[in-house]
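Read the figures in this text as sums done on the coordinates, not as results from a lab. These figures come from a predicted structure and were not determined experimentally. Positions of Cβ are backbone-derived with ideal geometry, glycine not excepted, and every protein chain shown enters the neighbour counts.
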Amino acid sequence: MNENNNEITAALALTSDYDRLAIVDTDTGKVLSDRSLNIFSSRVTGDFERIGYDGQLNAFIEQMVVDEDKNKVRISMEPGLITSNLYSSKAHYVNYRVNIDGKEREYQTKFCRLPSDNGNLLAVGTCDMS
């Protein structure tokens, strides 16, 4: 498990361009590590440790994603679809708009597999594309 923690720490350190980075175990639905900056930490609320990836995704969609993009984000960020897409490509991207202080901004979330002996892990990075 210590080697896995080192991989997670390295992944987090290399991603300073992202507003949010999380490591998700798709087998359990747990978010193993989460680093949120600016918009996410202060605007999306909930008991994230308890609700896992699905709960965090739903809170994010309901609290930040513009109405027109909510369904697209809900479908595109479903773990089964992401995992399936990552068998044939190195990354899975989702582009969408969020509402921040009454202003619409373009965001992108990128999903990548992390090598692990301890399950199916995804690195999830979100950045402002505006």
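Summary table
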read-out	value
LYS70 versus ARG105: modelled label distance in nm, points set 7 Å from Cα along the beta carbon direction	2.1 nm
Residues in the stretch 87-130 reached by a label modelled at THR28 [backbone nitrogen below 16 Å; 7 Å Cα→Cβ]	116-123
Partner lysines for LYS90 [C-alpha distance under 24 Å; skip if fewer than 8 residues away on the same chain]	LYS30, LYS72, LYS110
